[in-house]
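Here is the structure we will look at, set down as structure tokens.
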Amino acid sequence: MRIEIDEDKCTMAGQCVLAAPNVFDQRDDGVVAVLDAEPPESERTAVEDAIIRCPAVAIWLAAE
Amino acid sequence: MSGLRRIAIVGASVGGLTTAESLRRRGFDGVISLIGEEVHPPYDRPPLSKQVLSGKWTPDRASLRRAADIAALELDLRTGTRATGLRPGLRQVELDGGQAVECDAAVIATGLRPRQLPMLRGLVGVHVVRTIDDTLALRAAVLEAERLIVVGAGFLGTEIAATIREMGPRVTLVDLVPEPVTLQLGHEMGRLVAQLHRDHGVDVRMGVGVAEPIVDINRIRGLVLTDGSRVPADLVVTAVGSVPATQWLRGAGLDLTDGLVCDAMCRASPGVYAVGDVARWLHANVGGHIRIEQRTNAAEQAQAVARNLLAGSGARPYAPLNFAWTDQYDVKIQMYGHRRADATFALIEGSPRDGRFVGAYLDGGQVTAVVGWNSPKSLLRHRELVRAAAAA
């Protein structure tokens, strides 16, 4: 799985950090920072939760 | 096993679509009918009062999912279709035009309808912002306008005022409350938001209401306010709250007191659940029935309802920590928790003078909510204060 983000859409809600703390963080300005753009399968549930909870629709998985 | 084969979801915005998505994630392979009144593919509402109104984004950028992602859900997607009734006994959702959708369970995610001021009804030049069509109509009108009035200084009204001010026209912001966003964030934050708007040239008139419209044939030309002042305007935008879109559920035998009333599992009656702005459910930690008109809750509640629908007797109460935000000019205000009306406010980091701070709302010494002003990362850390207090 490969994670793609749109920094311009990010609204700095931090929901992704709450859902998948091993994969997402926030920069000092609050914008999403991807810690691991190709995380292991064990993170899939957490990453999908982050995608669903992101209120800005700023995160998605690249087509496989 | 839930034994469900057909689930109807009424409302195709974030709550409805996320319910469908979550059902599929959990392996539900039966029929999902997703019924939406609007003709557009599912889209997101927070950008409407900001990027879509300003024109910074084309409307398609507010789409909730790519077309391929929606296709992959293999939905019975019925956009442009209005549900007109629910017959829980027969497990049927009735549609405009006499058709019906059979289902073993129904999820109600029909959201809100904007409240309108009766005295302004039918006048040309009066706008609301709820749908993308509303927003594009307002945008077209703003581009021709020199001065306008925004009635209602909650999150939506203040966002609309900020966006339009930055587009050029002169803006007057009117509300009966003493400061903007007082009901949401209290007086201390309200004073700062009022100053923010004044700094950007908005004429902020708080503590006054609308007495009557100034009308030229059928076109609005301004408002007379309750203090007797006359404010000329080319347009009036109202953002005076909303009512849950439950009218179509009358006769279904459900409790529709300020929303669709649900138990702690978000269940209104056997086989009927509610999600998002329309749902009034028993929040175990808050200790009463609440309704949350927030984007993040709609998605989170949808996940919970999908889980509970399929869990049978293993359903779990839904008791989230609320998150709300608003973006105005270059300021981002975010809040975690459930602020009570009589809460006291205390700064816990930074200060308004620095242009960034975190504050707490206290109830009898207990933190019930935290709020951040341009402090997203720090606020997330302080979220733990609310969680700890809620757990104590």
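Restricting attention to segment B:359-384, which residues are among the hydrophobic types (A, V, I, L, M, F, W, C) and closer than 15 Å to B:V193 by Cα?
Selection gives B:V371, B:W373.
Could you list all residues from segment B:330-354 that are hydroxyl-bearing (S, T, Y) and surrounded by 15 or more Cβ atoms within 10 Å (Cβ to Cβ)?
Of everything in segment B:330-354, just one residue is hydroxyl-bearing (S, T, Y) and surrounded by 15 or more Cβ atoms within 10 Å (Cβ to Cβ), namely B:Y336.
Which one of these is modelled with pLDDT of 95 or more, surrounded by 18 or more Cβ atoms within 10 Å (Cβ to Cβ) and touching a helix residue (DSSP H, G or I) at 6+ places or on another chain (Cβ under 9 Å): B:R45, B:R26, B:R113, B:R82?
None of the others qualify; the one that does is B:R45.
The conditions are (1) assigned to a loop (DSSP other than H, G, I, E, B); (2) at pLDDT below 95, and B:A68 fails exactly one of them. Which is it?
Looking at each condition in turn, B:A68 falls short on (1).
Away from chain A (no Cβ under 14 Å), of a type in the set (A, V, I, L, M), assigned to a loop (DSSP other than H, G, I, E, B) and under 24 Å from B:E102 (Cβ atoms): is that true of B:L309 in this structure?
So B:L309 fails the test.
For (1) touching a Phe, Trp or Tyr at 6+ places or on another chain (Cβ under 7 Å); (2) within 30 Å of B:G359 (Cα to Cα); (3) not basic (K, R), each residue gets a yes or a no:
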{"residue": "B:R115", "(1), (2), (3)": "no, no, no"}
{"residue": "B:V142", "(1), (2), (3)": "no, no, yes"}
{"residue": "B:E159", "(1), (2), (3)": "no, yes, yes"}
{"residue": "B:M167", "(1), (2), (3)": "no, no, yes"}
{"residue": "B:V174", "(1), (2), (3)": "no, yes, yes"}
{"residue": "B:V177", "(1), (2), (3)": "no, yes, yes"}
{"residue": "B:T182", "(1), (2), (3)": "no, yes, yes"}
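Residues in segment B:137-145: is at least one over 25 Å from B:A311 (Cβ atoms), in contact with a strand residue (DSSP E or B) (Cβ under 6 Å, 6 or more places away or on another chain) and in a helix (DSSP H, G or I)?
Yes, there is a match, as at least one residue in segment B:137-145 is over 25 Å from B:A311 (Cβ atoms), in contact with a strand residue (DSSP E or B) (Cβ under 6 Å, 6 or more places away or on another chain) and in a helix (DSSP H, G or I).
Please indicate, with yes or no, whether at least one residue in segment B:219-228 is more than 14 Å from chain A (Cβ to nearest Cβ), modelled with pLDDT of 95 or more, in contact with a Pro (Cβ under 8 Å, 6 or more places away or on another chain) and surrounded by fewer than 19 Cβ atoms within 10 Å (Cβ to Cβ).
Yes, because at least one residue in segment B:219-228 is more than 14 Å from chain A (Cβ to nearest Cβ), modelled with pLDDT of 95 or more, in contact with a Pro (Cβ under 8 Å, 6 or more places away or on another chain) and surrounded by fewer than 19 Cβ atoms within 10 Å (Cβ to Cβ).
Conditions (1) under 15 Å from B:G15 (Cβ atoms); (2) within 14 Å of chain A (Cβ to nearest Cβ), marked per residue:
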{"position": "B:W57", "(1), (2)": "no, yes"}
{"position": "B:S63", "(1), (2)": "no, yes"}
{"position": "B:A71", "(1), (2)": "no, yes"}
{"position": "B:E74", "(1), (2)": "no, no"}
{"position": "B:G80", "(1), (2)": "no, no"}
{"position": "B:A83", "(1), (2)": "yes, no"}
{"position": "B:P88", "(1), (2)": "no, no"}
{"position": "B:E102", "(1), (2)": "no, no"}
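List the strands (runs of 3 or more DSSP E) that sit entirely inside segment B:186-251 and contain at least 2 residues that are under 30 Å from B:F357 (Cβ atoms) and aliphatic (A, V, I, L, M).
Of the strands (runs of 3 or more DSSP E) lying wholly inside segment B:186-251, those with at least 2 residues that are under 30 Å from B:F357 (Cβ atoms) and aliphatic (A, V, I, L, M) span B:203-206.
Scan B:R267, B:R307, B:R291, B:R316 and give me the residue that is under 30 Å from B:A194 (Cβ atoms), basic (K, R), at pLDDT 95 or above and surrounded by fewer than 24 Cβ atoms within 10 Å (Cβ to Cβ).
Within the list B:R267, B:R307, B:R291, B:R316, the selection yields B:R291.
Every residue in segment B:322-354 that is in contact with an Asp or Glu (Cβ under 7 Å, 6 or more places away or on another chain), more than 12 Å from chain A (Cβ to nearest Cβ) and part of a strand (DSSP E or B), please.
B:Q328, B:F345
Which condition from (1) more than 10 Å from chain A (Cβ to nearest Cβ); (2) farther than 30 Å from B:G168 by Cα is the one that B:T296 breaks?
Only one criterion in (1) more than 10 Å from chain A (Cβ to nearest Cβ); (2) farther than 30 Å from B:G168 by Cα is unmet by B:T296, namely (1).
Restricting attention to segment A:26-64, report how many residues are in a loop (DSSP other than H, G, I, E, B), exposed (fewer than 12 other Cβ atoms within 10 Å of the Cβ) and more than 11 Å from chain B (Cβ to nearest Cβ).
4
The values are calculated or read from the model by the stated rules, or taken from the named source; none is laboratory data. Only a predicted model underlies this, so the values are computations on that prediction, with no experimental measurement involved. Cβ atoms come from the backbone with ideal geometry, glycine included; neighbour counts cover every protein chain shown.
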